[in-house]
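Engineer: First, the structure itself, so that you have it in front of you.
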Amino acid sequence: MNQTIRLDDGSEVPLQQLLDEALRLHQAGALDEAKPIYERILQAHPGQFHGLHFLGLIHHQQGRHLRAEELILQALASAPGDADALCNLGAVYNAMQKSAEAADRFQEALAIDPALSAALNGLGNARFRQGRLDEAQAQFEQALRASPGYPEAGTNLSMVLQARGDLESAEQAVRKALQAATGHSGCLAQLGSVLAAKGDRQEAVSAYQASLKTVPDNADSWYNLGLLLDDARMAGEALSCYGRAMQIEPLHGGAISVSLFLRRALFDWDGAERLSQQYFQALEQGVGGLTPFSLTLEHSTAQQQRHCAELWARQFSGIGKLPPAEKSGTNQPDDDRLTLAYVSADFYQHPTAYLMAGLFEAHDHSKLRLIAYSNGPDDGSAIRRRVMAAFDEFVDVSGWTSMKIAERIRADRVDILVDLKGYTLDAMTEVFARRPAPVQISFLGYPGTMGAEFIDYLIADGFVIPDGSESAYSEKIIRLPDSYQVNDRDRETATDTPSRTELGLPDQGMVYCCFNASQKITRQTFARWVEILNAVPGSVLWLLDPDPRWPAKDHLRSSAKDLGLAPERLIFAKKLEQKQYLATYRHADLFLDTLPYNAHTTASDALWMGCPVLTLPGDTFASRVAGSILTAAELPELIMNSAQEYRDMAIHLGHDKQDLADLKKKLARKRETCALFDTGKFTRGFEKALLDISSERDL
């Protein structure tokens, strides 16, 4: 290569000399120093292969994958048979979650150089993203045969084994990789992941910390360490880790999302509002990793929530779908019932189980064969036993791979598969992405669209999703005749009620309450509550006690004092068992709802126990749930149209004891007859909707 490049001082240097210097810096990790040299080469020689290829690689390494794709494609236009460039383009497509395109490029590279270990490893990554675990494992093993001790392949082999649920083999694989590459950051991070999955949190933390000593600028490792500390309720330490991740990668979707959620839960509204701006900036730029649930807690539009859900759903787009079952129906030739299955991690002492137990029991077994697939804990509780008894089959799939679960669902010939988790903790979204059932429905657990082509229907009602707002949802909307939220008339309540003194309440005075989780309480909502309390002398606000290991209560008391409210007028209720928790509502006068994420289960709990709920609906599903519940309870007068109306009504009821008493009497009457607590009526409406789908789809 005899080409030269003229420098700013007029001298000329050989192109190869500049290229060698750029490669030296690039390989040393000095990407910002290597990048302008590649750019200088391309200014002088726009089609120079190595300049295009390696500049594209830097853009990929710095997260600018679209630009990386453009540059490497330009490089390949002049050298279509370069295996390394094809391999790097495959890596770009893997990062863009384009698994099929990635696999094609790696296979092209391997056709040129069958022993190219990076391509074997990259193809394994693509197959792993597609959920093709057998093929992924084979590729990683082949990469290790081609390059024994290749740490990335050893790490990825461990990841596959972990995904299979074989944690012992996963740990062995990554420790073997570490023997060949002592102190390798990626291996140590994967060891942390495996140890965390095994429940050895402290050893997992140590592994991540060791990884970060080696490579301190790895945003994902800081993020994952933060998740471990967050799970241990070490909020300050977790936030510090998330902050380090965002210093390295300012638009790290995962770190932004969990930090935002945690700061809201801590009542750190200044920090939350700064993060909210970052979240919306990342959303506008189409950044991956933003959790849709975090957005439901923000003042956002239903269209923004759909956009976020669609971004999140992209990670499942490359997962291979199962072929359709040979026929629908049960495995018994003389059984023509529709097979309905529910999927959840919440069949234990959880709000979902408490809401749905009556529905499970009320289903018509002459028309429906009922199956539950549970990936959650068996806590041995009465509600767990009650739920299990309601199903024809209750399948505990804890620890199963998504493929194994999907294959079981397909073998069970499920007609309609209902997701009770959506985008919440321990969701089995990957199972649904494999399309094991001909009809797949989202219901109850997640208040919004999933933005995924593998979810066909969303259960709603005319209040949570009004006519004309369907474009904000990717699913076909099924509107039930009353509220979409099911309730159980047979819920158990403690007969004994602790005294006000025992609960920390004053002997007299209006008791406003809100037992929503702390992350639902925004600065604006709390300021409105303070105005209400300041206008009603002697009143108190009764809230759910956040985790005692957090400084949340101190933050809220400080905010109250800043707004002119005596902090002692905030009373915090300890978490109790379900029966005792329900009984405490007997001392509450008015439940004050939150916006933009309403009370859901807590709203129906309060109404069931005779405590009126005051709400202000918004435009999103999550912000309209309490209005739906009140409509079904025949109490529309408690649905306000503005913040001023909400404030004025709360103050009025705080002063007018007769109006409040009359409202409670009306609620007591309606409880016995209203649609909200008529489990049988709900079940009939729900089953009709399912049978209509069955007829429409010819199941």
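Yes or no, residue by residue, for (1) assigned by TED's automatic domain parsing to the domain that holds Arg413; (2) surrounded by 23 or more Cβ atoms within 10 Å (Cβ to Cβ); (3) touching a residue at least 60 places away in the same chain (Cβ under 8 Å):
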site: Ser259; (1), (2), (3): no, yes, no
site: Asp268; (1), (2), (3): no, no, yes
site: Val287; (1), (2), (3): no, no, no
site: Gln315; (1), (2), (3): no, no, yes
site: Ala325; (1), (2), (3): no, no, yes
site: Val343; (1), (2), (3): yes, yes, yes
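Here's the yes/no breakdown for (1) closer than 20 Å to Ile629 by Cβ; (2) surrounded by 18 or more Cβ atoms within 10 Å (Cβ to Cβ):
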position: Ser518; (1), (2): no, yes
position: Thr525; (1), (2): yes, yes
position: Ser539; (1), (2): no, yes
position: Asp547; (1), (2): no, no
position: Leu556; (1), (2): no, yes
position: Gly564; (1), (2): no, no
position: Asp589; (1), (2): yes, yes
position: Thr594; (1), (2): yes, yes
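Engineer: Answer with yes or no whether Tyr581 is in contact with a Lys or Arg (Cβ under 6 Å, 6 or more places away or on another chain), of a type outside the set (Gly, Ala, Ser) and surrounded by 18 or more Cβ atoms within 10 Å (Cβ to Cβ).
Structural biologist: In short, no.
Engineer: Considering every residue within segment 472-488, establish whether at least one is touching a residue at least 40 places away in the same chain (Cβ under 8 Å) and charged (D, E, K, R).
Structural biologist: Yes; the residues of segment 472-488 include at least one that is touching a residue at least 40 places away in the same chain (Cβ under 8 Å) and charged (D, E, K, R).
Engineer: Okay, moving on. Restrict the check to segment 125-137 and report whether at least one residue is without any contact (Cβ under 8 Å) to a residue 40 or more places away in the chain, surrounded by fewer than 19 Cβ atoms within 10 Å (Cβ to Cβ) and outside any helix (DSSP H, G or I).
Structural biologist: no
Engineer: Within the set of pairs 6 or more residues apart or between chains, which connect a residue that is of a type outside the set (Gly, Ala, Ser) inside segment 64-83 to a residue that is part of a helix (DSSP H, G or I) and surrounded by fewer than 20 Cβ atoms within 10 Å (Cβ to Cβ) with Cβ atoms less than 6 Å apart?
Structural biologist: Taking only residues 6 or more apart or on different chains, the pairs are His65/Ala95.
Engineer: Then there is this: Taking Gly192 as the residue in question, decide whether it is closer than 19 Å to Gly318 by Cα and either out of contact with any helix residue (DSSP H, G or I) (no Cβ under 7 Å at 6 or more places or on another chain) or part of a helix (DSSP H, G or I) (or both).
Structural biologist: So Gly192 fails the test.
Engineer: A further question on this structure: Could you count how many residues in segment 97-118 are surrounded by 22 or more Cβ atoms within 10 Å (Cβ to Cβ), closer than 20 Å to Ser158 by Cβ and touching a Phe, Trp or Tyr at 6+ places or on another chain (Cβ under 7 Å)?
Structural biologist: 0
Engineer: Another question, then. Do you know which residues across segment 481-515 are hydroxyl-bearing (Ser, Thr, Tyr) and assigned to a loop (DSSP other than H, G, I, E, B)?
Structural biologist: Ser483, Tyr484, Thr493, Thr495, Thr497, Ser499, Thr501
Engineer: While we're looking at this one, here's another question. Please count how many residues of segment 620-635 are over 21 Å from the mean Cα position of the chain (by Cα) and either under 20 Å from Phe526 (Cα atoms) or not assigned by TED's automatic domain parsing to the domain that holds Lys664 (or both).
Structural biologist: Summing the residues that are over 21 Å from the mean Cα position of the chain (by Cα) and either under 20 Å from Phe526 (Cα atoms) or not assigned by TED's automatic domain parsing to the domain that holds Lys664 (or both) in segment 620-635 gives 2.
The values are calculated or read from the model by the stated rules, or taken from the named source; none is laboratory data. Since we're looking at a predicted model, the values are computed, not measured. Quick reminder, even Gly has a Cβ in these numbers, built from the backbone with ideal geometry, and neighbours come from all protein chains shown.
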